[in-house]
Structures are given as C-alpha cells and as structure tokens.
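The values are calculated or read from the model by the stated rules, or taken from the named source; none is laboratory data. Just so we're clear, the structure is a prediction, and the values are computed from it rather than from any experiment. Here the Cβ positions follow ideal geometry from the backbone for every residue, glycine too, while neighbour counts run over all protein chains shown.
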Amino acid sequence: MLLDKFKLINFKLNVHAGGGKKVTRVEVTLDGGDSWMVCTLEHPEKPNKYGKYWCWCFWSLQVEVLDLLGAKEVAVRAWDETLNTQPEKLNWNVMVIDNSTLRIMIFTFSN
C-alpha cells in the first residue's frame, strides 16, 4: 500500500499580510473549521526602520496522512499583528483581489 511509505505530509507555503503588518499566526483545518492546527512561522525578513514587514513569510505544518483520508479539503487562514484575519468567503472588490481563506480540495482514488 502506498500510504505505508508516507506517514507525514509536509505543507509549506508563503503568506503576506499587506500594509507592512507582520503575520503572527497561521492555522490549518482539515474538518471544515471545527478545529484548527497552529503552523510554524518563519520570518526571514527583519522589519524596516519603521517596524514594517514588506516581504512574504513562510509557514509550515506536518500532518499525518491518515488525518487527510477523511478530509474533503484543507483550509488555511492567517492572522496579522492587529488581529485581522482573512475572510472565510471570497471578498469581491474592484481590483479583483482575492484575500479569502485558502482552500485546497482533496480527492481520493483507488486502483
């Protein structure tokens, strides 16, 4: 069985808060938002002399493969230093910028 070889899945992506605000928390859910797992954050950039963060930072999380088997999607949300978070649903605006919660659909198949 293929799953015997892979016990953990590593998620690693980047995130940016905008406006020079520091990302302080990233969370992942596998169960539609009933529970959230806190990710590890990496800030390679130091703030500028005004205390602003203008570059992407990185988040990572290890998830057991068996936890993904029952999941229909992986959803990710981030928080900034002023406790703003991404909206759950797409927030349409004139510039067509989508800053909503990242959602990744999971499909399973068998041979």
Taking the residues in the range 56-111 that are modelled with pLDDT of 85 or more and among the hydroxyl-bearing types (Ser, Thr, Tyr) as candidates, determine which candidate is surrounded by the fewest Cβ atoms within 10 Å (Cβ to Cβ).
Thr82
Only unsatisfied item for Lys21, checking (1) at pLDDT below 90; (2) touching a strand residue (DSSP E or B) at 6+ places or on another chain (Cβ under 8 Å), is (1)
